[in-house]
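Data block below; observations after.
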Amino acid sequence: MSAILRGRLKIKGNPLHLSRFKRCLAQSRREKTCRLVVESDMTSHAIKEQSAATDTRQRIIAAAFEDIYLNGYQGASLNNIIEKTGFTKGALYHYFRSKKELALAAIEETVTDFLKQYWAEPLLNQPEPLTALIHHIRSLPTLVFEHCKLFQIKNGCPLNNLIQEMSPIDEDFAKTLEALYNNWQEIVTAVMTEAKEKGQLREGVSAEDTAMFILSCIEGCITTAKKSNSIEIYRRCTAQIEQYIKSLMA
């Protein structure tokens, strides 16, 4: 009860005024309760709408990345994405103003999630970083190519594919792709740094340069395997990377 109402009640002690005040107070409480219910319903509705919007956007992102990965950016089609998602062109343009904006978002978000799931989480903070890296490179065909419907050795590495296709001709793509590649390299650099801090890396070995070289080798192995659509070639090629990493152990 507000101070103003308390004051008014105290001054006007007449039973009539008191009865009117009680009715007003009851009405006020009912209105407040009703308002709370309405606000709760509105909040629940807003959450559902936001969830639906997020789901719509993610489905567009997933369809766009798949089309770009399989056909390249220049070969990708908004019509293919619309057909795959079942959304209208208007729905697509509600979230993305152009094919380029959609492509950059799809590439950045998908590759970032991939690096987190398949590189950062399995590799960082391991008791034996170099051994973990060797095992991880050896397991990549099983982790990625054999258990993921989208990523296939015959299609190569999406990041490498796009760097070759788009970096020379579009500055926005070049910046985005370089940033993603640098993020990948930073994960491997962190692995090498952890090995050095644990005394498991030979003295004088540069963590950053070694990470750059290892990633270059991995990308080369994927491309070599891609030309023959052969996981076995990937394994044979990366076995040499394993030997190189072992040679770095203290």
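The values are calculated or read from the model by the stated rules, or taken from the named source; none is laboratory data. Quick caveat: nothing in here was measured; it's all calculated off a predicted structure. Please note: Cβ atoms are built from the backbone with ideal geometry, for glycine as well, and neighbour counts cover all protein chains shown.
Applying the selection to the stretch 164-177, what residues are in contact with a Phe, Trp or Tyr (Cβ under 7 Å, 6 or more places away or on another chain), touching a residue at least 12 places away in the same chain (Cβ under 8 Å) and closer than 19 Å to T112 by Cβ?
M166
Filter the stretch 240-250 for residues that are surrounded by 13 or more Cβ atoms within 10 Å (Cβ to Cβ) and either assigned to a helix (DSSP H, G or I) or touching a Phe, Trp or Tyr at 6+ places or on another chain (Cβ under 6 Å) (or both) and give the result.
Of everything in the stretch 240-250, those that are surrounded by 13 or more Cβ atoms within 10 Å (Cβ to Cβ) and either assigned to a helix (DSSP H, G or I) or touching a Phe, Trp or Tyr at 6+ places or on another chain (Cβ under 6 Å) (or both) turn out to be I241, E242, Y244, I245.
Working only within the stretch 49-61, note down all residues that are hydrophobic (A, V, I, L, M, F, W, C), modelled with pLDDT under 95 and touching a helix residue (DSSP H, G or I) at 6+ places or on another chain (Cβ under 9 Å).
Once the filter is applied, which keeps residues that are hydrophobic (A, V, I, L, M, F, W, C), modelled with pLDDT under 95 and touching a helix residue (DSSP H, G or I) at 6+ places or on another chain (Cβ under 9 Å), the stretch 49-61 yields only A53.
Can you pull out the helices (runs of 4 or more DSSP H) entirely within the stretch 111-228 that have at least 1 residues that are closer than 25 Å to N71 by Cα and among the β-branched types (V, I, T)?
Fully inside the stretch 111-228 and qualifying: 158-166, 171-197, 207-228.
Would you confirm whether any residue within the stretch 71-81 is under 19 Å from the mean Cα position of the chain (by Cα), at pLDDT 90 or above and either under 29 Å from T189 (Cα atoms) or among the small types (G, A, S) (or both)?
Checking the stretch 71-81: not a single residue is under 19 Å from the mean Cα position of the chain (by Cα), at pLDDT 90 or above and either under 29 Å from T189 (Cα atoms) or among the small types (G, A, S) (or both).
Q200 - would you say it is farther than 17 Å from A106 by Cβ and touching a residue at least 60 places away in the same chain (Cβ under 8 Å)?
yes
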